[in-house]
Each structure stands twice: as structure tokens, then as C-alpha cells.
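What follows is a single structure, written as C-alpha cells, with notes after it.
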Amino acid sequence: MTDFLQLLFSGIATGSIYALAALGFTLLWQASGTINFAQGEFVMLPAFLMLGFAALGLPLLLAFGAACMVAVVLLGWGFKRGIADPLLRHGMMPIVVATIGLSIAMRNGVRAGYSAEAHPFASLFPDKLFNIAGVTITLPELGTMALALALVLGTQAFLSRTVTGRAMQAVAQNTESATVLGIDVPRMVFYTFAINALLACAAALLVTPTYLAKFDMGEGLGNKAFFAAIIGGFNNSRGALLGGVIVGVCENLAAAYISPVYKDAVALVIFMGVILFKPQGLLGRKVERKV
């Protein structure tokens, strides 16, 4: 039982990391009707930005703040103006193809321009262990879970309970009607991409000490985050947390009780099961959208 609880808790911590990346998928879909298959690379790039600022002598939190500002410009405004604005009017498929190409370009760009090696990354939390009923819990795991939960619930509350959040969702549902109601559509869309960039920076701050900073760290993370978003419900921010935790826990249990070889296949299997029996996701709802 102790081993099971240890695997369960470690899986929840890992799932919290997946949930942060999955939150970007659900946010962009809820508020702008966009799917970004470069979401994993949106987490990878801020990690290298923070490494670069740290090399200049900035402490971790200041490096994080500087990376957030750069990410809002590059991954927020730049992504919106360079890819989303020109292509979204032509439907979803051009966005899908463009973001897949963007993810490949970002990986190869970082590998060629920075390094192909894995780089250690400082943790936001000190290495401290707690032993509760025979289960070893680390402070970084606790901190990651707490911050992930706060970010997911905070984003959900922002979208559903604030005027700006509701305006962002109104723009995603029907741009013409939102314009008639006096909503500043371009500003709301920019807010969506800017918030996604900030969430990607937060995910990078928490995930990189575990994954290490490597040019391809976003590839596996992005895939599992996408599966987690679908499993939990693509139109529900809390679904990102649920889906991430389910994937993280099941991966750990499969690696321990079946074989580590099947660990990376767990998310795909759960994804296929959910798609077959509950296509809208566990917490999702059936809606009609204007695409």
C-alpha cells in the first residue's frame, strides 16, 4: 500500500505539470477558437530564455519575469499577428498545419542556435523531504501541485466570472455579435494569447527542473498535454487539471505494475477510450461553435 501511495502522489505531481501545459490548449480553444500544436515548444522556449537571463547574472525570479515579458511579445503578440490572424479566417486546418510546422522550427532553431545538450535548471523550491505514513513527499512536488491548482482554478474563474473573461469567450463564440455588442475584439484575442504565453512561462518554471532544459523537451510534453486536455474536456479549464492528473497517475502505475516500456502509450490509450465513449471529455460539455 505504501508503494501504491508513493506512485499515486508522484503521479499527481507529474500530472500537475501536464495540466499546466494542457491549460494552454483549453484556454486558446475557449477564448479564441484556436488549437496550438506548438504548445509544448511554447513551454520549452521560456526555459531557455530563463537560462539565458540567468547566465547574465539575474536570479531565478527576475529571469522568470524577464522571460515573461519576452514571451508575451514573441509567443503572444507575435504568434497572434504572424500565424493566428492571417490563417484563422481560413478555418482550422491551416492553423493546425502552421502550428505543427512552428513546433518543428522552434525545436530545430533552439538546437542550432543554443545547444542540443540537456541543461540543468534551478528549482523554485528548496530540496526538502517530508515523510508522511511512509510516503516520501518533496517540497518541489507539493509546490508544483499547489501552483498548478491555483493557476487552473484562477484561469477558470477569470474566464467565467470577470467581464474581460466573458468578453474573451464571447469573441470566440461569435466575432460579429461581439463586435456589435461593443467588445474590442482584437484586444480580447491578444489578451488570450498573452495569458497563454504567461502560463507557458509558469509551466516552464515548474517543469524544467524535472525535465531539464532540452530542445525537444516540449515534444513529449505537448503530446501528453493535448491528450490530457481532450480527456478532461477541451472546453473546460478544470478538465485540464483532471486530465493531467489522470495521465500522470496512470503512467506511474503502468510503469510500476506492467512495464516502463508502456508508460508513454498510456495517455494515448486513455485518450482513445474517452474519444470513443465520451467525445466531449470527462468534464466537457456538448456545444455548437462557430469556426
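The values are calculated or read from the model by the stated rules, or taken from the named source; none is laboratory data. Computed from a prediction, not measured in an experiment: that's the story for all the values here. Glycine also receives a Cβ, built like all others from the backbone with ideal geometry; neighbour counts cover every protein chain displayed.
Of note:
- Which numbered condition ILE104 misses (of (1) of a type outside the set (S, T, N, Q); (2) surrounded by 19 or more Cβ atoms within 10 Å (Cβ to Cβ); (3) modelled with pLDDT of 90 or more): (2)
- Residue within segment 190-212 that is touching a strand residue (DSSP E or B) at 6+ places or on another chain (Cβ under 8 Å) and outside any helix (DSSP H, G or I) present: yes
- Positions within segment 222-238 being among the basic types (Lys, Arg) and either closer than 13 Å to ILE35 by Cβ or touching a Leu at 6+ places or on another chain (Cβ under 7 Å) (or both), in sequence order: ARG238
- Note on segment 235-261: among residues that are surrounded by fewer than 21 Cβ atoms within 10 Å (Cβ to Cβ) and touching a residue at least 40 places away in the same chain (Cβ under 8 Å), the one that is farthest from THR2 (Cα to Cα) is ASN235.
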